[in-house]
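First the structure, in the form of structure tokens, and then the observations on it.
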Amino acid sequence: TGMVTVDPGFMNTASCESQITYIDGDEGILRYRGYPIEQLAEHSTFLEVAYLLIHGALPTKSELDAFEERVNRHTLVHEDFRTFMGTFPRHAHPMAVMASAINALSTFYPESLDPHDPETVELATVLILAKTRTITSYVHRASKGEPLLYPDYSRGYVEDFLRMTFAVPYQQYEADPTVVAALDQLLILHADHEQNCSTSTVRIVGSSQANLYASVAAGINALSGPLHGGANEAVLKMLTEIQADGGDATNFMKRVKDKEPGVRLMGFGHRVYKNYDPRAAIVKKSADSVLSALGGNDELLDLAMGLEEIALSDDYFISRKLYPNVDFYTGLIYKAMGFSEEMFTPLFALGRMPGWIAQWREMMTDPQTKIGRPRQIYTGATSRDYTELDAR
Ligand code: CMC
């Protein structure tokens, strides 16, 4: 076994070799399969990026058509599953419902569980991509006590997601093209990010040969925490609280710098990016245009930009290389689109699903893969003898 060293938070431990996503944290570079995130965000679509991440190459027109068609046809869920989605308490956090729902999906599709058969894995891939979209809209509607709508196969992935989420039953609904394009782009930006907390979770669960559903459901739970995907919700709560306190950004930043327990500038900082997060740059532009098109809350956007401005010229943040990350501005866009704060992290999960699937598949077919089993350095009591209860 050799010498064991402790590396808390895996600051300096690579868990695998991977060909999926490249990040250069000093230069602020992010590429999926070699393609710069800026180009994909501008020219691609979410399902095309999902194909790219999972299959390693951009699809031809006929490959993309076939893939979209297959995903589209599987968006309907079993009627019993639909009923199940409506049975959580109204106040349940959507992330808890979503993780439970993805886990429960496996019980409806026992024919898609074999992690070693390529055709079965492909089926599970399509089922999960398709049904996660439906589940995300149901999570939203169930939290409001609204009826769960059926998919419309004639519409695109994002377009029909918006309809299923926001349409009034039996009424015409046409999604705003600005919203469709902006949400599609946000999903692309979230689609993969190499070995982050949730992706490492997916891989480590899968390394025991657990099936794809079990693995990605674990990923959703890892994503839910406020230091990870939950940060997008936490940012909006933070902005709203600062505003309710009179909007004093300088005072809030003082509390952050004084390291008041539990007070961090949410949406700032990153383990890998030490220059800027290229996703945040794209999101900030999008926030500006979506909010002006939809008439979102400009006061909160101004407040966020004010906090960023203070941070970027403050030694506390400069010396620690803290910059806005992807979560800093996304919440403002989601809010303007009509999503409640609790839905922000489920939207992140919807976007990250292709990445989790691609990483799980890469791991499963990598001859280097072994069960994930870190070591420890034991610091507890040395050997001692059991004492009977009445002698303690
Ligand atoms: N506000 C104030 N101080 C911070 C922040 C922040 N957001 N982030 C880091 N620091 C300080 C931290 O206190 C530490 O200071 P010191 O050296 O004096 O102890 C230093 O910067 C290094 O921080 P760290 O916590 O050791 O860094 P990490 O790599 O372990 O954590 C992080 C990375 C993203 C968890 C952290 O920056 C953080 O908590 N940020 C806020 C939550 C957030 O926005 N998360 C989203 C991450 S990006 C996308 C995603 O995963 O969802």
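Worth pointing out:
- Label point 7 Å beyond Cα of Thr379 along Cβ direction - residues of segment 4-19 with amide nitrogen under 15 Å: 5-10
- Spherically averaged projected area in nm², based on the convex hull that wraps the Cα atoms of segment 1-125: 12.9
- q = 0.22 Å⁻¹, segment 300-392: log10 I(q)/I(0) [Debye, one scatterer per Cα]: -1.10
- Gaussian network model of the chain, Cα within-10 Å springs - most flexible of Thr60, Thr120, Thr165: Thr60
- Gaussian network model of the chain, springs between alpha carbon atoms under 10 Å - residue of Pro367, Pro89, Pro324 with greatest fluctuation: Pro367
- Modelled FRET efficiency - R0 45 Å, Asp24 with Tyr386, Cβ distances, 0.05 increments: 0.25
- Estimated inter-spin distance, Phe10 and Ala181, nm [label 7 Å along Cα→Cβ]: 3.8
- Computed over the chain, the alpha-carbon pair-distance distribution with 10 angstrom bins reads 5, 22, 31, 24, 12, 4, 1, 0, each value a whole percent.
- Once the chain from Phe108 to Arg73 is taken as fully extended at 0.36 nm per residue, the excess over their C-alpha distance is 11.0 nm.
- 10 Å Cβ shell holding at most 13 others, DSSP loop, chymotrypsin sites (Phe, Trp or Tyr not before Pro): longest site-free stretch of the chain: 171-377
- Among the listed pairs Lys131/Lys274; Lys254/Lys321; Lys61/Lys284; Lys131/Lys335; Lys237/Lys285; Lys237/Lys321, those beyond 29 Å (Cα-Cα): Lys131/Lys274; Lys61/Lys284
- Placed amide H near Phe268: partners under 5 Å, 5+ positions off or other chain: Asn325
- Segment 231-337: radius of gyration over Cα atoms, expressed as a fraction of 2.2 N^0.38 Å: 1.01
- For the chain, built as a Gaussian network whose Cα springs stay under 10 Å, the top-fluctuating residue of Ile23, Ile128, Ile188: Ile23
Read-outs throughout are calculated quantities, based only on the coordinates presented, and are distinct from any laboratory measurement. The structure presented is a predicted model; accordingly, all values stated were derived computationally and were not measured. Backbone-built Cβ (ideal geometry, glycine too); neighbour counts: all protein chains shown.
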